[in-house]
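Structure first, then comments.
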Amino acid sequence: MSSENAARLARRDSKDFLWWKHGIVYQIYPRSFQDSNGDGVGDLGGIIDRLDYLEGLGIDAVWLSPFYRSPMADFGYDISDYRAIDPLFGDMPTFQHLLKELHARGIRLIVDYVPNHTSDQHPWFQESRASRGNARRDWYIWRDPAPDGGPPNNWRAEFGGSSWTWDEPTGQYYYHAFLASQPDLNWRNPEVVEAMLDVLRFWLDLGVDGFRVDAIHHLIERADLADNPVNPLWHEGMDPAAQLLRAHTVDQPEVHEAIAAMRRVADAYDGDRVLIGEAYLPLDRLMAYYGAAGDGFHLPFNFHLIRTPWTPTALASLIAAYEAGLPAHGWPNWVLGNHDRPRLASRLGMAQARVAAMLLLTLRGTPTLYQGDELGIADVPIPPDRVRDPWELNVPGLGLGRDPVRTPMLWSAAPNAGFSSGEPWLPLSENWRDIHAERQAAVPGSLLNLYRDLIALRRREPALWGGAYVPVASTDSLLIYERVAGDDRLLVILELSGRGGEANIPAGTVLLTTDGLASTPPVGGTVKIPPNHGLIVRLQR
């Protein structure tokens, strides 16, 4: 164990150090991380095999995407048993071994919690659809047809088509925000609420350190089923689900009562358990998910770096608006990639991916990394006969599919990049031989080593993991800000345009550049910043 990780382990339970504030979260998509049994699909055993890599990267917590028992219609987000491991990924002893080994390395484990819907194969839904008089009928959202015999209203599913599916035996429609095989739970039913809170307790009792709560803004729908209004900006070529504004199907006021109930459960456990909420919302609406009195999410995911134009002025405005909007009890967080959005290297290019890494790891707040971004994995084109994502299968030709961002990790020069001894479930990046982890680890200045250096620097510097954010300047090409803790001031300069620029830098010492250079000669005065370049400077006191 490294000295840095030993120090992190020693302070894990310190009341003065909240791990979820000052640490770094790393998302693992289990299907694509590491396969341990040759079936072409990643699994829990594979994650155990790669723990040395995670420890060496220096992250503080793993967020694990779903591994629960599931028919895999939506690759684990359609859960048929919240308390069981799907055999595709392993079994409960393997999960417990993974948890133990992560904790031994001072790494926390956050697991996905999917409260909005179950699989249609879940016993609860099987009972619910058995008859109108079944005791669990009201555990899901059933409604009579409209007067014309069609669906109760105009609501559309995220993955295409109506949000309502007809059930012939019982003569009613059931509601689903996503696939027809993912019926929505009725969170207005107290029995559902208690059953789902018991799911949280089950995993907390096993020792997990928190939850990433899936699609939380979908949890409650308007009770009177009012039609959603037409989106006046929609046009052909856009996602068909966006034809309507989701005014009555997301972000309803009652959702905050459910979040507060989840928070009470988490707060009843020691060890600073964390709740992270997934809600794609404007900043002003996102802030409500912290809770009016700190009874909401510890970290409502902030996805706005993914969506904001990559210019210094746009990013400076975003950071300022986000910092200004945070409630007094709110802690910021930042995300640049995940399993649902185009890869960082594809959005920005490899040169700016390095600058983006420095931005993410020097902003105030908790950063979340998505597996493979530290290697520069880009979106992988998926041949039509290998498409797996139900979104792409249901709504083809619009580029909505998420398969390109879920392709396997690239570990070594071994066959299939060391991911599996069998045929991987999705194809590998064409350039995998150039960017795999083993190769990058041996190359000073590689993207992987830049991430390692940034993470190590962040861990060493209180100004980075806990200091204030102070904006300095934003020009056509440069974003400049300080991170300040006491008398310690670190200046961050990022060139975002690819054209280069000039910055007037107070006297100081360069700690790290995006080229991987550290401890360069002192700087000061007018300095030319090369294109696609970033640097961190410790200013003289």
Self-check item: Single residue of segment 512-541 satisfying the filter (modelled with pLDDT under 95 and in contact with a Leu (Cβ under 7 Å, 6 or more places away or on another chain)) that is nearest to residue 476 (Cα to Cα)
Solution: 516
Quiz item: How do the helices (runs of 4 or more DSSP H) wholly within segment 362-454 filter down when requiring 2 or more residues that are more than 30 Å from residue 513 (Cα to Cα): which remain?
Solution: 390-394
Quiz item: For the subset of segment 78-92 comprising residues that are under 21 Å from the mean Cα position of the chain (by Cα) and of a type outside the set (A, V, I, L, M, F, W, C), which member is surrounded by the most Cβ atoms within 10 Å (Cβ to Cβ)?
Solution: 78
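Which of the residues spanning segment 396-432 are over 16 Å from residue 32 (Cβ atoms) and in contact with a Lys or Arg (Cβ under 7 Å, 6 or more places away or on another chain)?
Of all residues in segment 396-432, those over 16 Å from residue 32 (Cβ atoms) come to 396-400, 413-415, 430-431.
Within segment 396-432, just 413 meets the criteria.
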Self-check item: Yes/no for residue 80 being under 19 Å from residue 182 (Cβ atoms) and in contact with a Lys or Arg (Cβ under 6 Å, 6 or more places away or on another chain)
Solution: yes
Quiz item: Going by the conditions given, is residue 16 at pLDDT below 95, in a loop (DSSP other than H, G, I, E, B) and in the same structural domain as residue 93 (by TED's automatic domain parsing)?
Solution: yes
Quiz item: Residues in segment 207-227: is at least one touching a Leu at 6+ places or on another chain (Cβ under 6 Å) and not assigned by TED's automatic domain parsing to the domain that holds residue 296?
Solution: no
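Being buried (at least 19 other Cβ atoms within 10 Å of the Cβ) and at pLDDT 95 or above is the requirement here; does residue 258 meet it? If you could, list the steps in order and put the result at the bottom.
Working: buried (at least 19 other Cβ atoms within 10 Å of the Cβ): yes; at pLDDT 95 or above: yes.
Answer is yes for this residue.
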Practice problem: Determine if segment 229-240 includes at least one residue that is in contact (Cβ under 8 Å) with a residue 40 or more places away in the chain, under 25 Å from residue 194 (Cβ atoms) and exposed (fewer than 15 other Cβ atoms within 10 Å of the Cβ). | Solution: no
Practice problem: Quick one: which residue in 435, 377 is among the β-branched types (Val, Ile, Thr), touching a helix residue (DSSP H, G or I) at 6+ places or on another chain (Cβ under 6 Å) and crowded, with 20+ Cβ neighbours inside 10 Å? | Solution: 435
Quiz item: What tally of residues in segment 461-500 results from selecting those that are in a loop (DSSP other than H, G, I, E, B) and either of a type outside the set (A, V, I, L, M) or under 17 Å from residue 524 (Cα atoms) (or both)?
Solution: 12
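Quick grid of which residues meet (1) in contact with a strand residue (DSSP E or B) (Cβ under 9 Å, 6 or more places away or on another chain); (2) outside any loop (DSSP other than H, G, I, E, B); (3) surrounded by fewer than 16 Cβ atoms within 10 Å (Cβ to Cβ):
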residue	(1), (2), (3)
211	yes, yes, no
225	yes, no, no
250	no, no, no
263	yes, yes, no
284	no, yes, yes
292	no, no, yes
297	yes, no, no
Practice problem: Please tell me if residue 345 is out of contact with any strand residue (DSSP E or B) (no Cβ under 6 Å at 6 or more places or on another chain), small (Gly, Ala, Ser) and part of a helix (DSSP H, G or I). | Solution: yes
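The values are calculated or read from the model by the stated rules, or taken from the named source; none is laboratory data. Bear in mind the structure is a predicted one, so any value in this text is a computation, not a measurement. Positions of Cβ are generated from backbone atoms using ideal geometry, with glycine treated the same way; all protein chains shown enter the neighbour counts.
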